[in-house]
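Undergrad: Just passing along the structure, written as structure tokens.
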Amino acid sequence: MTSKIKVFPGTPLREVDFKEGKILYRHDEMNGQYAWDTGIGIGSYLAALKEGVLLGSYCRSCRRTVVPPRTVCEWCFRPMNSYIPLKDTGTVNTFSLCYITWDLKRIKEPEISAVIEIDGASPLHGIMHKLGEVDPEDVHIGMRVQAVWKPADEREGAITDILYFKPIKEG
Amino acid sequence: MGMRKVAVVGAGMTKFMRRAQETGKELSWQAARMALASCEMTLDDIQAVCLGTAPDAFDSIHLKGEYLSDGAGAWGKPYMRSYVGGGTGVFAPIQGWYHVASGLFDAVLVVCEEKMSSFYPHAQGAFLTIFDHTTERPLKPNLLWIFAMEMNRYMQTYGISKEDIAHVAVKNKRNAADHPCALLGNPDITVEDVLNSELLAWPVNRLDVSPVSDGAVALVMVAEHVAKRVTDKPVWIQGVGWSLDTAYWTNRDLAYPRYVEYAARMAYEMAGIKEPRKEINIVEPYDPFDYKECHHLEGLLLADRGQAPQLAIDGVSLRDGDMPVCPSGGLLGVGNPIAAAGLMKVAEIFWQLRGEAGARQVPGQPKRGLAQAWGDLMQVGTVVIMGTNP
């Protein structure tokens, strides 16, 4: 069929069409505002962050400690048995050096996003956060890191109570 | 399983464009009309319509299924929009398949549309809401993070280089040069071009990524007795599968897409396929990023873990290789209007198995092909296997 059809529908627009004002369109800005309830599991997580603690939850039947904590184990569909305070240290599972913002603005110093496997959680169980106090060249998978917290009186019960994770100086 | 045989008998698509003058409705109608015309059917012959389109956030139209219904030919018919993120384009024909296989309908129209250009200043912004609103969005992530981190984990786990993976982008963009609807076909692109393109989020460079696009694709799917009336070259759906992994994406193995394996095993079992590497002639895995083609080939059990880049390097996955992968040019070359891109892969298998793919035709009269898509929060796999035999 495609080999028989020579002309396919669709009218591609070019940048120059807009510059020359040939194209009509309507532009608007949506301004949606939301307030998300934390729920039970994440509520406990945020409350613990305010106290300077990373919280996980444990399922006895699956012997699995997950982070962030939740109320139900999605493997066995039973309630999680308990909340478990984890360490604020971990291992870089993977990372990226990002030179671009969501709206495609270029940035000189890369933002370093990472998945950090948290000590005390089950293997491959981590959270997404950022790395700091590190030369981008030195970041590597397997790097040991520790959370850098906001001062206690500035914490508000949010993931940003951890500013970033920084490398643990070995030895 | 007591289900009826289902055939694809027609397909149509628009150009894939960075920005189309047509609305989503107009694109949907263009693709649907072409699909119906290709099998000499009319909307009167169609009993139900399945629509696939990705986030409402792209065009800020709530209930986009209803909005697109006139262009999709849904008026006065049973109609439903399905949505599993990037996996939608291969899920919509699965929905079409069970509509017909169940005996409920004899002929359905499947339409997938995407118009990503409406979001200002860039469609990436529409993806920000995929991150958890409380535990992730305060970190101000952007969409590239998640893919860059998955690619990095994949490379590190198996010792794969960026150069290895760049061969996939080169293959697909070259293949796309033969696709009349392609946005980024380039017969002369080289591995160096990919490696030297702008670094966005290490390890992802610009040419490792597919372009945001506008476009639509449509299929006509019918029961056996209808297929025999309208064509002597039906392409049969032999197997379908889909599966979902955890939404806690930082709590799983990022180097291997287990959910794609589950989806593939479901489809292989339905199709009676024991040795997929010998029994699948053409593969159209989802390739929004070049490493994702590799990731998915491994999840589909068509390459050993960590070995998929070698298929492109050795030429096995070229159009004239032993197992052509993305002969269409894929999302990297043809373009990535999310839901439409997935259905484009199913349409490509349809055209290839009928020997109608023109300059893209894979040699050797292929008998069976597989299309796969992937999406949600990097967690859903959708698979369709099609063949020249029922």
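Undergrad: Taking the stretch B:33-54, which residues are within 14 Å of chain A (Cβ to nearest Cβ) and in contact with a helix residue (DSSP H, G or I) (Cβ under 6 Å, 6 or more places away or on another chain)? Explain how you work it out, then say what you get.
TA: Narrowing the stretch B:33-54 to residues within 14 Å of chain A (Cβ to nearest Cβ): B:33-41.
Selection gives B:CYS39 alone.
Undergrad: What are the residues in the stretch A:36-65 that are outside any helix (DSSP H, G or I), more than 10 Å from chain B (Cβ to nearest Cβ) and out of contact with any strand residue (DSSP E or B) (no Cβ under 6 Å at 6 or more places or on another chain), if any?
TA: Passing the criteria: A:GLU51, A:CYS59, A:ARG60, A:SER61, A:CYS62, A:ARG63.
Undergrad: Now a separate question. Scan the stretch B:159-171 and give yes if some residue there is within 12 Å of chain A (Cβ to nearest Cβ), out of contact with any His (no Cβ under 8 Å at 6 or more places or on another chain) and modelled with pLDDT of 95 or more, otherwise no. First the steps, then the outcome.
TA: At the first step, the residues of the stretch B:159-171 found to be within 12 Å of chain A (Cβ to nearest Cβ) are B:159.
When the remaining residues are screened for being out of contact with any His (no Cβ under 8 Å at 6 or more places or on another chain), the result is B:159.
If we keep only those that are modelled with pLDDT of 95 or more too, we end up with B:159.
Checked the stretch B:159-171: at least one residue is within 12 Å of chain A (Cβ to nearest Cβ), out of contact with any His (no Cβ under 8 Å at 6 or more places or on another chain) and modelled with pLDDT of 95 or more.
Undergrad: I'd like the full set of residues that are in a loop (DSSP other than H, G, I, E, B), more than 12 Å from the chain's Cα centre (by Cα) and more than 17 Å from B:PRO327 (Cβ to Cβ), limited to the stretch B:287-302. Reasoning before the result, please.
TA: First, the residues of the stretch B:287-302 that are in a loop (DSSP other than H, G, I, E, B): B:287-288, B:300-302.
Those still in the list that are more than 12 Å from the chain's Cα centre (by Cα) too: B:300-302.
If the condition is that a residue be in a loop (DSSP other than H, G, I, E, B), more than 12 Å from the chain's Cα centre (by Cα) and more than 17 Å from B:PRO327 (Cβ to Cβ), then B:LEU301 is the only one that fits.
To keep it simple, each residue is scored yes or no on (1) farther than 30 Å from A:LEU124 by Cα; (2) surrounded by fewer than 18 Cβ atoms within 10 Å (Cβ to Cβ); (3) of a type in the set (Ser, Thr, Tyr); (4) at pLDDT below 95.
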residue	(1), (2), (3), (4)
B:PRO234	yes, no, no, no
B:THR246	no, yes, yes, yes
B:VAL260	no, no, no, no
B:MET266	no, yes, no, no
B:MET270	yes, yes, no, no
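Undergrad: Take the conditions modelled with pLDDT of 95 or more, among the aliphatic types (A, V, I, L, M) and touching a Gly at 6+ places or on another chain (Cβ under 6 Å) and apply them to A:ILE112. Does it pass? Talk me through it step by step, then tell me what you get.
TA: Values: modelled with pLDDT of 95 or more: yes; among the aliphatic types (A, V, I, L, M): yes; touching a Gly at 6+ places or on another chain (Cβ under 6 Å): no.
No: the conditions fail for A:ILE112.
Undergrad: Check B:GLY321 against each of (1) free of Cβ contacts under 8 Å to residues at least 60 places away in the same chain; (2) more than 18 Å from the chain's Cα centre (by Cα); (3) within 14 Å of another protein chain (Cβ to nearest Cβ) and name the one condition it does not meet.
TA: With respect to (1) free of Cβ contacts under 8 Å to residues at least 60 places away in the same chain; (2) more than 18 Å from the chain's Cα centre (by Cα); (3) within 14 Å of another protein chain (Cβ to nearest Cβ), B:GLY321 is out only on (3).
Undergrad: Let me ask you something else. Hey, among B:LEU219, B:LEU200, B:LEU195, which residue is assigned to a strand (DSSP E or B), more than 18 Å from the chain's Cα centre (by Cα) and either surrounded by fewer than 19 Cβ atoms within 10 Å (Cβ to Cβ) or touching a residue at least 24 places away in the same chain (Cβ under 8 Å) (or both)?
TA: Result: B:LEU200 is the single residue among B:LEU219, B:LEU200, B:LEU195 that is assigned to a strand (DSSP E or B), more than 18 Å from the chain's Cα centre (by Cα) and either surrounded by fewer than 19 Cβ atoms within 10 Å (Cβ to Cβ) or touching a residue at least 24 places away in the same chain (Cβ under 8 Å) (or both).
Undergrad: OK, next. Scan the stretch B:198-229 residue by residue and report those that are under 20 Å from B:VAL334 (Cβ atoms), out of contact with any Cys (no Cβ under 7 Å at 6 or more places or on another chain) and within 14 Å of another protein chain (Cβ to nearest Cβ).
TA: Filtering the stretch B:198-229 for residues under 20 Å from B:VAL334 (Cβ atoms) gives B:204-219.
Checking the rest, the ones that are also out of contact with any Cys (no Cβ under 7 Å at 6 or more places or on another chain) come to B:204-215, B:218-219.
B:VAL204, B:ASN205, B:ARG206, B:ASP208, B:VAL209, B:PRO211, B:VAL212, B:SER213, B:ASP214, B:GLY215, B:ALA218, B:LEU219 - these are the residues of the stretch B:198-229 that are under 20 Å from B:VAL334 (Cβ atoms), out of contact with any Cys (no Cβ under 7 Å at 6 or more places or on another chain) and within 14 Å of another protein chain (Cβ to nearest Cβ).
Undergrad: Could you identify the single residue in B:LEU297, B:LEU311 that is buried (at least 18 other Cβ atoms within 10 Å of the Cβ), touching a Ser or Thr at 6+ places or on another chain (Cβ under 6 Å) and among the aliphatic types (A, V, I, L, M)?
TA: B:LEU311
The values are calculated or read from the model by the stated rules, or taken from the named source; none is laboratory data. Worth saying up front: this structure is predicted, and the values here are computed from it rather than measured. When we count neighbours, we look across all protein chains shown, and the Cβ atoms used for this are built from the backbone with ideal geometry, even at glycine.
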